[in-house]
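Have a look at the structure below, then the notes.
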Amino acid sequence: MDIHALEVFCRIMELRSFSRAAEAVSLTQPTVSGHIKNLEEEAGTRLFDRLGKEVRPTKAGEILYRYATEILRLRAAALQALDAHRGRLRGSLLIGGSNIPGEYILPALLARFKARYPEIGLTLRIGGSREVAAAVADGEYEVGMLGARFKDPKLEYVRFAGDEVVLAVPAGHPWASRRRVSLADVAKGPLILREPGSGTRKATEEAFARAGVEPARGAVVAELGSNEAVRQAVRCGAGCSFISRRAIEEELKQGALITVPVEGLKLTRDFYMVTHRHRSRSPAGEAFRKFLLEQARP
């Protein structure tokens, strides 16, 4: 199978559009259609169903996509290995980060890594911890950083740094002047939580479970998909929330948010570098993994 045709095929799978894929790979739409026609003839089956402007992969298309992404990954790794053999390290690297490390830890690390390896192109994608772990397991990301561990024999976790999860309330809240509150008080609400699958949500649920406390019916007033959304909701007085101290450092300095100690609760968690236990990494991916190990905080 022609490698360029596979590249075009993967872009159509990702963009769900022949025209957008043609634009992304700088080819005309008839040329893109020709590549797919040749692939379909070689495969002996249709790879896409064209429903007006919408393009959907067939089952055969989904099967080919799994192999095509691996072929393209190995091609990129081979080219990087040859560059490394010649004393140059270049190429591209796709990294995944859950919300806190993706927004507050990885950007500075990527800048330092880029200064060391200027010819490596870096792309950071941010999502929930479970989402990042799944992408590493599937080979989409070579390296990820997240705030929770999930049971998957394919994944290897290495602790990178610690974090403190605090109970935040807005300035002027009745609890803002209290020395501490009980977890039972917090469970009465109103309580704002991150979405299921986030590291902060996992740490919060584990804390309630250890204390044998459950949020009261109707206590959870919102489940939000980002720390920014949680931060803004708490500032607006929608409720209290457990959130990473890293995410609200500016609000704490400004006095817009207050942290309230919870009796008997010290909620800490770790951030982990996650890699695939068995997949080989590209030279760029391996360089980034070693770089993170150098930067890890004991």
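Cross-link reach is defined here as a Cα-Cα straight distance under 17 Å, omitting same-chain residues fewer than 8 places apart; for LYS151 the lysines meeting it are LYS202.
Fully extending the segment from THR58 to ARG179 would add 37.5 nm, taking 0.36 nm per residue of separation and subtracting the current Cα-Cα distance. Here's how it looks for VAL220: its modeled amide H is under 5 Å from those of LEU191, which are all 5 or more places away or on a different chain.
For region 79-158, the list of trypsin sites (Lys or Arg not before Pro) that fall in a loop by DSSP and count at most 10 other C-beta atoms within 10 angstrom reads ARG86, LYS151.
In region 6-138, taking the dipole from charged Cβ atoms about the Cα centre, the farthest positive-side position among ALA115, LEU51, ALA134 is held by ALA115.
A simple count of charges around ARG297, restricted to other residues whose Cβ falls under 12 Å of its Cβ and scoring Lys, Arg +1 and Asp, Glu -1, yields -2.
Each residue of region 160-216 gets 116 Å³ once the volume of the Cα convex hull is shared out per residue. Computed from phi, the 3J(HN,Hα) profile of region 253-261 under the Karplus parametrisation 6.51, -1.76, 1.60 (θ = phi - 60°) reads 5, 7, x, 6, 10, 10, 9, 10, x Hz, with x in place of Gly and Pro. Mind pulling up the Rg/Rh value for region 130-173? Radius of gyration and Kirkwood radius, both on Cα. Using Cα coordinates only, the ratio equals 1.18. For region 142-165 and region 259-281, what is the separation of their C-alpha centers, rounded to whole Å? Here the answer is 6 Å between Cα centres. A Cβ-based charge dipole, computed about the Cα centre of the chain with Lys and Arg at +1 and Asp and Glu at -1, lands at about 620 debye. Rg/Rh for region 3-82 stands at 0.98; both radii use Cα atoms, and Rh follows the Kirkwood definition.
In a shell of Cβ-Cβ distance under 12 Å around ALA161, excluding ALA161 itself, what net charge do Lys and Arg (+1) and Asp and Glu (-1) give?
Working: positive: ARG159, ARG246, ARG269, ARG297; negative: ASP163, GLU164, ASP270.
Neighbour charge sum, excluding ALA161 itself: +1.
Note on GLU206 and GLU14: their simple-model spin labels are 3.3 nm apart, each label 7 Å out from Cα toward Cβ.
Local charge for GLY285 was computed over the other residues whose Cβ lies under 11 Å away, with Lys and Arg +1 and Asp and Glu -1, and equals +3.
What is region 162-270 by shape, rounded, prolate or oblate, if you read a ≥ b ≥ c off the alpha carbon gyration tensor as root eigenvalues and call it rounded for a/c under 1.5, prolate for a/b larger than b/c, and oblate otherwise? Kindly include the intermediate steps, with their values, before the conclusion.
On the way: a/c = 1.25, a/b = 1.15, b/c = 1.08.
Verdict is rounded for region 162-270.
In what sequence do SER226, SER92 fall when counting other Cβ within 10 Å, fewest first?
On the way: SER226 16, SER92 12.
So the ranking, lowest neighbour count to highest, is SER92, SER226.
Amide H to amide H, with H built 1.01 Å from N, THR58 comes under 5 Å of PHE48, ASP49, counting only residues 5 or more places away or on other chains. Rounded, prolate or oblate: which fits region 72-164 when a ≥ b ≥ c are the square roots of the eigenvalues of the alpha-carbon gyration tensor, with rounded for a/c under 1.5 and prolate only if a/b beats b/c? Oblate, since a/c reaches 1.5 and b/c is not below a/b. Labels on offer are [x] 70, 49, 36; [y] 60, 50, 30; [z] 86, 73, 35, and the one holding Cα extents along the principal axes in Å computed from this structure is [x].
With R₀ set to 41 Å, the beta-carbon distance separating ALA216 from ARG75 gives a calculated FRET efficiency near 0.15.
Per residue of the chain, the DSSP helices (runs of n ≥ 4 H) give a summed -39500 (n - 2.57) that works out to -13000 deg cm²/dmol at 222 nm.
Length available on full extension from THR28 to ARG116: 0.36 nm per residue minus the Cα-Cα distance, which gives 27.9 nm.
Quick one: MET13, MET1, fewest Cβ neighbours within 10 Å first, how do they rank? Don't skip to the end; give the middle numbers.
Numbers: MET13 20, MET1 14.
Lowest count first: MET1, MET13.
Per-residue 3J(HN,Hα) values for region 14-24, derived from phi via the Karplus relation 6.51 cos²θ - 1.76 cosθ + 1.60 with θ = phi - 60°, read 7, 9, 6, 7, 5, 5, 5, 5, 4, 5, 5 Hz in sequence order (x marks Gly and Pro).
For the pair region 188-219 / region 31-91, the C-alpha centres are spaced 43 Å from each other.
Amide H contacts under 5 Å for ASP138: none, restricted to partners 5 or more places along the chain or on a different chain, H placed in the peptide plane at 1.01 Å from N.
Rule-based calculations on the coordinates, nothing more; no lab input. All values reported here derive from a predicted model rather than from experimental measurement. Note: ideal-geometry Cβ built from the backbone for every residue, glycine included; neighbour counts use all protein chains shown.
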